[in-house]
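The structure under discussion appears below in the form of structure tokens.
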């Protein structure tokens with residue numbers, strides 16, 4: 001089951017036999033996975049929204065994206081308010097509210113938030129990779145130990 | 001949770017037809033035996049209708065009918 | 001624009017821990033929170049301040065510090081590690097024969113929980129399994145690129161002369177029966193289609209061959225076929241790639257007034273070994289601290305080993321002499337893998353997945369705007 005995007009399927013019968021597919025399937029599904037239209041269906045703008053104050057609803061997202069995105073958007077000085085909620089625990093939905101100052105569009109703010117979070121991920125990957133190389137080559141000090149004294 | 005699959009039924013039909021083929025080649029009598037296993041000594045016991053319910057090797061009177069070879073599907077969760 | 005001092009910044013990101021309270025737990029690094037200060041998003045500032053330090057690095061268990069990141073992001077990584085990284089696990093069990101004492105559904109559940117391992121290349125090549133939909137009957141058939149077949153066929157029997165030994169009172173199953181225990185190593189993988197090629201450098205097998213699945217007695221038999229598929233922890237815990245992935249904040253211990261002599265020894269005993277060191281007071285310090293030379297004084301040696309039990313706060317003699325806290329942006333991650341991925345690759349994968357989440361959302365947003 002993909003992590004997000006597809007609806008849960010009903011339980012069904014399968015056979016113990018497994019087909020051997022002769023079709024090339026190296027890229028085909030990866031493309032379907034990144035189909036922008038599938039992702040477009042997951043975003044809704046809730047009623048009563050204006051250009052500077054809007055509530056978005058994302059399907060199949062949770063605190064993982066919600067809280068991180070809220071933090072990054074709050075770092076934007078054009079934002080008056082940003083908050084998120086999961087309206088009901090049994091529905092895989094995420095509501096995100098953004099209000100901006102000075103006629104700044106909520107869409108650009110949201111877009112910038114997502115972009116900033118991606119940039120942050122890149123920085124983390126770079127730093128982590130370098131630190132790991134350093135540690136493996138014995139360059140970093142190993143003085144810090146955990147609460148149980150393991151190296 | 002469990003479900004019987006059509007494919008399993010097909011497979012069983014194949015098995016039965018092959019068994020029937022074997023039986024006809026030896027004796028038809030064979031087909032009327034039912035396989036049990038002894039509750040005490042675990043020896044296989046074949047019984048015909050009307051025969052005393054008793055293990056041939058140890059005389060134990062509790063016999064267990066074997067589970068069929070029918071496939072059952074489960075979700076591992 | 002006001003720029004706060006380094007000491008002030010340090011104090012701001014200190015979570016204070018009292019006897020029964022924690023305070024200052026919330027981040028305040030947002031524009032408009034501190035008058036006259038700039039807390040605008042700044043990637044260069046993050047690049048400068050983000051720091052990763054390794055403590056332990058073994059293939060399936062690693063510990064490292066991620067310093068200079070907000071809780072919301074660190075927590076996103078942790079959540080992705082637990083629930084969103086795909087792994088291979090047994091998903092469907094087709095039972096042909098089970099005359100053991102274990103019920104079919106219990107056996108199927110146990111099989112599902114066995115961690116599997118295989119070639120990294122093969123695992124990356126494998127795709128999600130899409131269940132068939134009601135509208136399209138031909139869809140969702142398991143194929144070589146989304147489903148692996150494993151078999152388990154075991155029959156328990158008496159050993160040669162086992163029956164006689166049992167009659168004589170022997171009870172050791174090893175001396176009486178053959179195949180009396182089924183272990184994870186008994187799962188046999190059958191390569192289909194392209195799998196033989198893709199998994200050439202690592203067959204699909206259980207991570208730990210010694211997992212006891214069930215026990216049998218003579219006459220009992222297991223015959224079954226399994227489908228292993230890719231899934232994520234959000235769907236079922238068996239798909240979670242980690243035994244545990246957690247973080248804790250770096251503890252801090254500030255000794256505000258010197259703790260000397262017998263008190264120092266008692267103070268050290270309030271903490272796990274290695275957290276507090278006892279140093280001898282030198283002659284210069286002695287007059288300043290108002291005590292004799294060569295008496296011991298408590299010094300913080302390694303706060304990282306502290307469990308923050310708060311024991312020291314329960315004793316009157318340490319009142320106002322010690323402050324406990326945690327650093328809000330210093331996350332000590334511990335990632336224990338179940339064996340399908342290496343711990344550090346798992347972390348990198350979690351960061352990549354958060355990025356992909358954002359990318360997909362941005363693409364969806366773009367599609368919506370146009």
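Modelled label-to-label distance, residue C:273 and residue A:81, 7 Å Cα→beta-carbon offset: nm?
Those two pseudo-labels are separated by 5.5 nm.
So for chain C, what percent of the C-alpha to C-alpha distances run longer than 28 Å?
64 percent
So how far apart, in nm, are the two label points at residue C:101 and residue B:41 if each is 7 Å from Cα heading toward Cβ?
About 2.3 nm, to one decimal.
Could you calculate the FRET efficiency of residue C:19 with residue A:50 from 1/(1 + (r/R0)^6), where r is the beta carbon distance between them and R0 is 45 Å, rounded to 0.05? Numbers along the way, then the final one.
Working: r = 49 Å, r/R0 = 1.08.
Plugging the Cβ-Cβ distance into 1/(1 + (r/R0)^6) gives 0.40.
Using helices alone, what [θ] at 222 nm do you get for chain C, with -39,500 (n - 2.57) per DSSP H run of 4 or more residues, divided over all residues and rounded to the nearest 500?
Numbers: 11 runs with 98 residues, N = 370.
Rounded to the nearest 500, the figure is -7500 deg cm²/dmol.
To make sure I understand, if each residue's beta carbon is the centre and we count other beta carbons within 10 Å, what order do C:8, A:118, A:61 fall in, fewest to most?
Working: C:8 10, A:118 18, A:61 24.
Fewest to most other Cβ atoms nearby, the residues stand as C:8, A:118, A:61.
Calculated FRET efficiency, residue C:309 and residue B:57, Cβ-Cβ r, R0 45 Å, to nearest 0.05? Please report the intermediate quantities before stating the final value.
Values: r = 67 Å, r/R0 = 1.49.
Rounded to the nearest 0.05, the efficiency is 0.10.
Which order do A:96, A:38, C:113 fall in if you start with the one that has the fewest other Cβ atoms within 10 Å?
Working: A:96 24, A:38 18, C:113 15.
Listing A:96, A:38, C:113 from fewest to most nearby Cβ atoms yields C:113, A:38, A:96.
May I ask for the angle, rounded to the nearest 10°, between helix C:71-83 and the longest principal axis of chain C, with both axes built from Cα atoms and the value confined to 0 to 90°?
20 degrees
Would you please give the FRET efficiency between residue C:6 and residue C:113, computed as 1/(1 + (r/R0)^6) with r the Cβ-Cβ distance and R0 = 56 Å, to the nearest 0.05?
Working: r = 50 Å, r/R0 = 0.89.
Efficiency, from the Cβ-Cβ distance: 0.65.
If a/c stays under 1.5 just call it rounded; otherwise compare a/b with b/c (prolate if a/b is bigger, oblate if not). Do that for the stretch A:14-136, with a ≥ b ≥ c from the square roots of the Cα gyration tensor eigenvalues.
Values: a/c = 2.30, a/b = 1.36, b/c = 1.70.
The shape class here is oblate.
Sort the protein assembly as shown into rounded, prolate or oblate with this rule: let a ≥ b ≥ c be the square roots of the eigenvalues of the Cα gyration tensor; rounded if a/c is under 1.5, and if a/c is not under 1.5, prolate when a/b is larger than b/c, oblate otherwise.
On the way: a/c = 3.05, a/b = 1.59, b/c = 1.92.
Oblate is the answer for the protein assembly as shown, as a/c is 1.5 or above yet b/c matches or exceeds a/b.
Averaged across C:24-30, how many Cβ atoms of other chains sit within 10 Å of each residue's Cβ atom? Don't skip to the end; give the middle numbers.
Working: counts 0, 0, 0, 2, 0, 3, 7.
That works out to 2 on average.
From the convex hull of the Cα coordinates of the stretch C:87-240, what is the mean projected area in square nanometres? Walk me through the intermediate numbers first.
Working: hull surface 43.0 nm².
Taking a quarter of the hull surface, the average projection is 10.7 nm².
Helix C:343-369 versus the longest principal axis of chain C: what angle, 0 to 90°, nearest 10, using Cα atoms?
Tilt relative to chain C: about 90 degrees.
Can you put B:32, B:70, C:2 in order, fewest other beta carbons within 10 Å first? All intermediate terms of the calculation are to be shown ahead of the outcome.
Details: B:32 12, B:70 15, C:2 8.
The most exposed by this proxy come first: C:2, B:32, B:70.
Coordinate-derived values only; no laboratory data. Note that this is a predicted model, so its numbers are computed, not measured. When we count neighbours, we look across all protein chains shown, and the Cβ atoms used for this are built from the backbone with ideal geometry, even at glycine.
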